[in-house]
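Have a look at the structure below, then the notes.
The values are calculated or read from the model by the stated rules, or taken from the named source; none is laboratory data. Note that the coordinates shown come from a computational prediction; the quantities given were computed from them, not determined experimentally. Backbone-built Cβ (ideal geometry, glycine too); neighbour counts: all protein chains shown. We work out accessible area using only protein heavy atoms, side chains counted, and drop any ligands, DNA or RNA first. Shrake-Rupley method; radii C 1.70, N 1.55, O 1.52, S 1.80 Å.
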Amino acid sequence: MTSAIEASAPPVPTPGLVASLKPRLWLANTPDAELFTALLITYPAPQIEDADPAEIERTMRVVAASLGVAPRDQGLVTVGERITVHSGGVILLHFDGSQYGLRIPAHPRWAEAICGFKRVLLAVGLDELSPVASPAEVDEYIEAGGEHGRLLMGLATIADSPRTARRAIAARRASQHDAPAGGR
């Protein structure tokens, strides 16, 4: 028997989907010249067959929902403790309802920056992007995605452990189910 919470819970990214996602990270400056860290998650373009854009969008909306990100026109939402930094430089991004995290191949400067800032701008792209896209192609993707509502965003914070991240995600998920219908 399925509980009411399970029935209303958004789909959870499968381990295969989590493993297939392409993370891209960068450091950038705000208009006020403040440094910030950003992480773009995209669906890698298939190398052999053509992909169905509608299916890619559905898949990436599952990813976006499990991270709590939203369209830019809704303002920058806070998505909670989603990132953990482990010994050896391993960084993981955690999803609602999934025991699997996305390993972020972080550059040491980026890892140092997120530990200092304690937050990361998350962006989930709704369209495919080649895993070997050049920096100029990634910039184009971000610009076009932002202009056309194809990027969903949120501000994630750094958890001190995977257990803390899982607890924060579970509490956020429970509070969403307890909220009145129509409210977020």
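Listed peptides 39-46, 51-58, 68-75 appear in the order 39-46, 68-75, 51-58 once ranked by packing, highest mean of other Cβ atoms within 10 Å at the front.
Across all Cα pairs in the chain, the calculated P(r) in 5 Å bins from zero up to the longest distance comes to 1, 8, 16, 21, 21, 16, 10, 5, 1, 0, 0 percent per bin.
Sparsely packed loop sites in the stretch 109-175 (the chymotrypsin sites (Phe, Trp or Tyr not before Pro) outside DSSP H, G, I, E and B with at most 15 other Cβ atoms within 10 Å) do not occur.
When both the stretch 55-114 and the stretch 136-159 are represented by their alpha-carbon centers, they are found 13 Å apart. Computing the accessible area with a 1.4 Å probe over protein heavy atoms, can you report the carbon and sulfur percentage for the chain? C and S fraction of accessible area: 54 percent.
Placing R0 at 30 angstrom, the Cβ-Cβ distance between SER87 and THR14 gives a FRET efficiency of 0.60 after rounding to 0.05.
For the stretch 80-167, DSSP calls about 80 percent of its internal beta bridges antiparallel. Under a 5 Å amide H cut-off, with hydrogens placed 1.01 Å from N, VAL77 pairs with ALA70, LEU155 among residues at least 5 apart or on other chains.
Charged neighbours of THR59, selected by a Cβ distance under 12 Å, balance to -3 (K, R count +1; D, E count -1). Adding -39500 (n - 2.57) for every DSSP H run of four residues or longer, then dividing by how many residues the chain holds, sets the calculated 222 nm ellipticity at -11000 deg cm²/dmol. Counting only DSSP beta bridges whose two residues both lie in the chain, roughly 65 percent are antiparallel.
Taking label positions 7 Å along the Cα-Cβ direction at both GLU140 and ALA174, the computed distance is 4.8 nm, reported to one decimal.
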